[in-house]
Amino acid sequence: MSRILEVNDLSVSFQTYHAEVQAIRGVNFHLDEKETLAIVGESGSGKSVTAQSIMRLIEMPPGEFVDGSIMFAGEDLTQKSEKQMENIRGKEISMIFQDPMTSLNPTMTVGKQIAEALIKHQHMSKKEAHNQGIALLKLVGIPNPEARINQYPHQYSGGMRQRAMIAIALSCNPKILIADEPTTALDVTIQAQILDLMRGLQEKVGTAIILITHDLGVVANAASRVAVMYGGKIVETGTVDEIFYNPKHPYTWGLLGSMPKLDGSHETLQAIPGSPPDLADPPKGCPFVTRCPHAMKACKEHMPAYTNLSDTQKTACWLLDERAPKVELPESAIVGGTTVHG
Ligand SMILES: Nc1ncnc2c1ncn2[C@@H]1O[C@H](COP(=O)(O)OP(=O)(O)OP(=O)(O)O)[C@@H](O)[C@H]1O
Ligand SMILES: [Mg+2]
């Protein structure tokens, strides 16, 4: 499989009135053709900033690329002009958001919004774009697309709006689709349908997907690899199996422990106590140190390097150092009886 995206040591900061917020610090990951990578982490961990950096949607200023590169098709996206990015966004890389109501234009029919991208990037005529729009709405499972194409977003249900967003995002056969919490605003049944739809389309269209979510539960059936983010850093990355069955970072253990269990026993559902670090004054060492039940002196002082546990799994934790005490995987993080929806 060939690599289509490589994010190297990416750091992005925001200059706010009070301080410089170091939103992401030294983020590294890659995406292969046709795969789905999930980026998981709690609120404020830097998932959206990572996604928006790839799309170059970070407003500069107050945002700033401090360091690193985003290699796509052999070129560094951090170095592109706004004009060059306009030819990449929506055509090569597209994005869908949590709330389609904010990204769809309420004053324009869904058909016109699909046609815009097709006319701009695929140089279709209005008529061709209209017909292709109907085909795309059909592809994403909108019933009666010939009539629906002339409706406005508010005439669609939430799930249908998300389907329409996916149709627009896929209209130009992008190489990468970034989905930032695409199902968070939807109820569980519709969530599952949208994730199924994305998976099905990926097989048909062959797009690689970056799926951003705070819910590890949706990841198991939807992704092939997972990057776990915390405090602006990726603390662990691996295949879905590695993250679910052989997690090595205490933050990943915490995320697994906070997932509902199949047996419905609420005793086993544990939220991670404490709150995330202040990114205006990020910790010198591991970002999870103040909440980690296994924190040691080294964790406070130095950011642990990544340990390669396999060709695919990498974890940044001092517990993996040979001098560290052996710590067992806590029972709450054992996936055996975990409900995995999606
Ligand atoms: N425009 C901005 N100005 C200042 N700080 C920002 C800006 N955008 C993001 N941040 C900060 O960057 C950090 C990472 O934010 P980000 O939105 O990437 O988190 P997230 O993981 O997507 O969280 P959520 O799950 O809530 O969407 C946060 O501390 C946030 O406050
Ligand atoms: Mg976000």
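Readers should treat all values here as calculations from the given coordinates under stated rules, not as data from a laboratory. Bear in mind that the values here come from a model prediction, so they are computed numbers and not experimental data. Reconstructed Cβ throughout: ideal geometry from the backbone, glycine too, with neighbour counts over all protein chains shown.
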Residue order, fewest to most surrounding Cβ atoms within 10 angstrom, among Thr307, Thr189: Thr189, Thr307
Determine the calculated [θ] at 222 nm for the chain from helices alone, applying -39500 (n - 2.57) to every DSSP H run no shorter than 4 residues and normalising by the residue count; nearest 500 deg cm²/dmol. -8000 deg cm²/dmol
Run the numbers on the range 246-333 and let me know its relative contact order in percent, using alpha-carbon pairs under 8 Å that are six or more apart. 29 percent
Normalised by the number of residues in the chain, what is the relative contact order in percent for Cα pairs under 8 Å and 6+ residues apart? 20 percent
Please rank Val226, Val21, Val40, fewest neighbouring Cβ atoms within 10 Å first, as an exposure proxy. Val21, Val40, Val226
What's the extension gain from Met60 to Ser224 if we count 0.36 nm per residue and subtract their Cα-Cα distance? 55.7 nm
Local electrostatic count at Gln52 - Lys and Arg +1, Asp and Glu -1, tallied over other residues with Cβ under 10 Å: 0
Along the range 113-129, Karplus-curve 3J(HN,Hα) (6.51, -1.76, 1.60; θ = phi - 60°) to the nearest Hz, with x for Gly and Pro, reads 5, 5, 4, 3, 5, 5, 6, 5, 8, 9, 6, 7, 6, 4, 5, 4, 5
Please give the peptides 196-204, 95-103 ranked by average Cβ packing (other Cβ atoms within 10 Å per residue), highest first, as a rough proxy for protection. 95-103, 196-204
For Cys317, Cys292, what ranking results if the residue with the fewest other Cβ atoms within 10 Å of its Cβ goes first? Cys292, Cys317
Listed highest first by mean packing, meaning other Cβ atoms within 10 Å per residue, what order do 324-330, 27-33 come in? 27-33, 324-330
By the gyration tensor of its Cα atoms, with a ≥ b ≥ c the square roots of the eigenvalues, what is the shape of the range 246-333: rounded for a/c under 1.5, prolate for a/b over b/c, or oblate? oblate
Charge-dipole axis of the range 3-223 as Lys and Arg at +1 and Asp and Glu at -1 on Cβ define it, positive-most pick from Ile134, Thr207, Pro182: Ile134
Expressed as a whole number of Å, what is the distance separating the alpha-carbon centroids of the range 9-42 and the range 64-117? 17 Å
Which whole-Hz ³J(HN,Hα) couplings does the range 35-52 yield from phi under the Karplus relation 6.51 cos²θ - 1.76 cosθ + 1.60, θ = phi - 60°, glycine and proline marked x? 9, 10, 9, 9, 10, 10, x, 6, 3, x, 6, x, 5, 5, 4, 4, 5, 5
Folded to 0 to 90 degrees: helix 188-205 orientation relative to the chain principal axis, Cα: 70 degrees
If you take the charge dipole of the chain about its Cα centre, with +1 on Lys and Arg Cβ and -1 on Asp and Glu Cβ, which of Ile272, Leu31, Ser81 is farthest toward its positive end? Ser81
Point-charge dipole on Cβ atoms (K/R +1, D/E -1) for the chain, about Cα centre, debye to 20: 780 debye
Classify the chain as rounded, prolate or oblate from the Cα gyration tensor: take a ≥ b ≥ c as the square roots of its eigenvalues, call it rounded if a/c is under 1.5, otherwise prolate when a/b beats b/c and oblate if not. prolate
Give me the extension gain from Lys284 to Met71: residue separation times 0.36 nm, minus the current Cα-Cα distance, reported in nm with one decimal. 73.9 nm
Radius 9 Å from Cβ of Lys248, net charge of other residues (Lys, Arg +1; Asp, Glu -1): -2
Length released on extending from Asn105 to Lys300, taking residue separation times 0.36 nm less the Cα-Cα span: 65.5 nm
Beta bridges by DSSP in the chain, antiparallel share as percent, to the nearest 5: 60 percent
Cβ-Cβ cut-off under 14 Å around Val218, Lys and Arg +1, Asp and Glu -1: the net charge is -3
Distance (nanometres) between label positions extended 7 Å along Cα→Cβ at Lys138 and Ala271: 4.8 nm
State which entries of Lys112/Lys233; Lys175/Lys314; Lys80/Lys233 exceed 29 angstrom in Cα-Cα distance in the structure shown. Lys112/Lys233
